[in-house]
1. Stretched out fully, how many nm does the piece from Glu130 to Val83 gain, at 0.36 nm a residue minus the Cα gap?
2. Could you calculate the contour length gain from Asp12 to Asn70, that is, 0.36 nm times the residue separation minus the distance between their Cα atoms, to one decimal place in nm?
3. Is the C-alpha gyration tensor of the chain telling us rounded, prolate or oblate? Criteria: a/c under 1.5 is rounded; beyond that, a/b larger than b/c is prolate, otherwise oblate.
4. Taking 0.36 nm per residue of separation and subtracting the Cα-Cα distance, what length does fully extending Gln108 through Leu62 add?
Amino acid sequence: MPVGLVLATRDDKLLLVHRVNPPLAGYWAPPAGYIEIDESLEEGAAREAKEETGLVVAVDQLLKVYSRANMGVLLIAFAARIVGGTLAAEEAEVDAVRFFARSELPRQPAPVNGAPLDVWFYEIVSELLEEFCNFPRERL
């Protein structure tokens, strides 16, 4: 099942949500969610970002596709920019939404006794946050 993840920025700060539900409940991560059958990957990723954050994003670029055997998920990461909306957490899925400067990105421990999907998603989010710190400012 495809999942779209959005690295959205404003003023060189990265948009993250504090997740309520698995995978990675209790962690900060980029907005992400399942793509519906009647939408493109880009449309689904933008929809999920809006649902979780209240912000409208324009998907600009495919960053990376992640897959792992026996996970049942194909994760597609996109770079995006904020084009509208009002910052507001979708309380059923996230309990906080915030922009982080590169120097402020949260340090989060690996999940202890986490499900394989939690561990894999943690690895992906950690990689993307590290890469964000090293991206040229023009890339995102």
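Values in this text are rule-based calculations from the coordinates and carry no lab data. Since the structure is predicted, the reported quantities are computational estimates derived from the model, not experimental observations.
1. 14.5 nm
2. Between Asp12 and Asn70, full extension yields an extra 17.3 nm.
3. Since a/c stays below 1.5, the shape of the chain is classed as rounded.
4. Value of the extension gain: 14.0 nm.
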